[in-house]
Structures are given as structure tokens and as C-alpha cells.
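The structure under discussion appears below in the form of C-alpha cells.
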Amino acid sequence: MIRKNILSISTALVIFYLSLASSETLNKIPVFHFRGMDKVVHFTMYAFLTGVILYENRKRIDPGHRLIIIAFIPFIFGALLELLQSCITTSRTGSIFDLLSNLSGILFSLIIYLLAKNTNRE
């Protein structure tokens, strides 16, 4: 099971590091800075994570329960990271708005997956 999801696990580990790394470390990375940039980053990370999970498990996904479980995994992962940011880091804080950005990215990937799947059937 781990070998079949190595990209998902690798992506989750990168997100884990980025979520718990010191904010001073991340501020050194030259990126466009504008108000709400962190929400765009959260959206992108969780859209990508969900997309990788969907891609790696595309042959095992049925339209019902498994798709919901696959969406639930990155959501719980993101919620736990927001909680850890509040509890174990000094330079980061958990935010419900970050969690909502994560959820938006997850839903975006699910919609793209379902649209692509329905397009391929026709």
C-alpha cells in the first residue's frame, strides 16, 4: 500500500515540513508577497495533495464511499497540522481560514477529477 502511494506520502511530508517550519525560514524564499498569499499557498498545496492521491488511487476509486474517504484524508491531515501549529510552534498559528483554504483546494481537485472522469466516459 505504501509503494502505491509514495507520491502522496512524499507530498504530505513536504506539506508537513512547510506547515511546521519556522516562519522566518519560509520568509527567506523569494515569492510574490501580497495580502492573502498564504491562503493561495494552502489552496494550492491541498489541491495538489488531493490530486496526487486521486491519481495514485484512480483504479481503486468507486464513485461513492472511497471518493469521500480520499477527500477526508487530506482534510484531517490539514486540520491536524493547523492544531500542531498552534500547539508546538512558536512562530506559527493555526487558523480556521487556512483550514477553509485547504478544504477549497481539496474540493477543487475533486471537481476536476469528477469532470475529467465524466469526460473520459463519453
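Things worth noting here:
- Within the same chain, aspartates and glutamates fewer than 8 places from Lys117 are excluded, and of the rest, those with a Cα less than 16 Å from its Cα are Glu56, Asp62.
- Using the 1.4 Å probe convention, the accessible area of segment 51-107 works out to 59 Å² per residue with neighbouring protein chains retained.
- Tensor-based shape of segment 71-122 (alpha-carbon gyration tensor, a/c under 1.5 rounded, otherwise prolate or oblate): prolate
- Spacing of the modelled spin labels on Leu83 and Ile2, each 7 Å from Cα toward Cβ, amounts to 2.4 nm.
- Ordered by solvent-accessible area of protein heavy atoms (1.4 Å probe), largest first, the residues Arg60, Arg92 come out as Arg60, Arg92.
- Debye equation applied to the C-alpha atoms of segment 34-122, log10 I(q)/I(0) at 0.12, 0.19 Å⁻¹: -0.40, -0.84
- Nearest-0.05 FRET efficiency for His65 and Phe16, computed from C-beta distance (R0 25 Å): 0.40
The values are calculated or read from the model by the stated rules, or taken from the named source; none is laboratory data. Values in this document were obtained by computation on a predicted structure and should not be read as measured data. For neighbour counting, all protein chains shown are included, and Cβ atoms are generated from backbone atoms with ideal geometry for every residue, glycine included. Each accessible area value is taken on the protein alone, full model and side chains, heavy atoms only, with ligands, DNA and RNA left out. Shrake-Rupley method; radii C 1.70, N 1.55, O 1.52, S 1.80 Å.
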